[in-house]
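The values are calculated or read from the model by the stated rules, or taken from the named source; none is laboratory data. Owing to the predicted nature of the structure, the values given are computational and were not obtained by experimental measurement. Because the Cβ atoms are built from the backbone with ideal geometry, glycine has one as well, and the counts that use them run over all protein chains shown. Accessible surface areas use protein heavy atoms only, side chains included; no ligands, DNA or RNA. Shrake-Rupley method; radii C 1.70, N 1.55, O 1.52, S 1.80 Å.
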Amino acid sequence: MNVSVYDILSKIFPGGVIYGALLFNNLITKPASVTDVLLLVLMYLVGYFIDAATSMIEPALFWLMGGKPSERLLDPKHNSRFKLGKFEALNRHLEEAYPHQFEDKGRLFSIMSSVVNYKGNARVTTFFEAYIFARNIFLSVLLSSVLTIVVNRSWPLGLAMLGLSIIAFSRAKARGYYYAREMTNCYIEQKEL
């Protein structure tokens, strides 16, 4: 088993946010007999389940984003600040190379991903990990804000945390686009378009 720094931090930070919310709302107390190492293990486990939950609700996140970033970047009607520099050349190439899959933008992105991942691009992996981390932080902050509103009845703090949730969601959306754009640009570079 190969455990990376990303794997540990992407679980401990969201788990720590939930743990902090539980402590703040007096739902748990830190037992004196629990060591900091054991506490990190518990935060990791909570973060592990946050990661699993965000994977399950990802279709809802994509709906809130207006669609999957990977599919939207390949859509000629897509109009946002996230654009591809060589879109026309890429579009022509994809239509010629994959005529049967051309209408299915999700399938096209999967094909492009397999081409790029075959060479093992570390930069693409870093962008993907940043998206997953941002997605996990979003859900942990959202759950913490709901917990604060429901349990503690602290509306000002809960609403402030909901505001942070919106910022975290915006960041996760941007990270999704950055990943999709980096993957696509690496495909363009590998195919020399």
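Worth pointing out:
- Evaluation of Thr125 against the conditions (1) buried (at least 18 other Cβ atoms within 10 Å of the Cβ); (2) over 14 Å from Leu23 (Cα atoms) shows that the sole unmet condition is (1).
- Residue check, Glu71 buried (at least 17 other Cβ atoms within 10 Å of the Cβ), of a type in the set (Asp, Glu) and either touching a helix residue (DSSP H, G or I) at 6+ places or on another chain (Cβ under 7 Å) or at pLDDT 85 or above (or both): yes
- Assessment of the range 138-157 against the conditions (of a type in the set (S, T, N, Q) and open to solvent by 40 Å² or more (accessible area, probe 1.4 Å)) yields at least one matching residue.
- Close pairs (8 angstrom Cβ cut-off, 6 or more residues apart or separate chains): more than 22 Å from Lys191 (Cβ to Cβ) in the range 65-94, open to solvent by less than 40 Å² (accessible area, probe 1.4 Å) and assigned to a loop (DSSP other than H, G, I, E, B) anywhere: none
- Taking residues in the range 104-123 that are of a type in the set (Phe, Trp, Tyr), and partners anywhere that are open to solvent by less than 60 Å² (accessible area, probe 1.4 Å), the pairs with Cβ atoms closer than 9 Å and at least 6 places apart or on different chains are Phe109/Ser70; Phe109/Leu73; Phe109/Leu74; Phe109/Ala180; Phe109/Met183; Phe109/Thr184.
- Among residues of the range 27-45 being without any contact (Cβ under 8 Å) to a residue 24 or more places away in the chain and assigned to a loop (DSSP other than H, G, I, E, B), the one that is nearest to Val150 (Cα to Cα) is Ile28.
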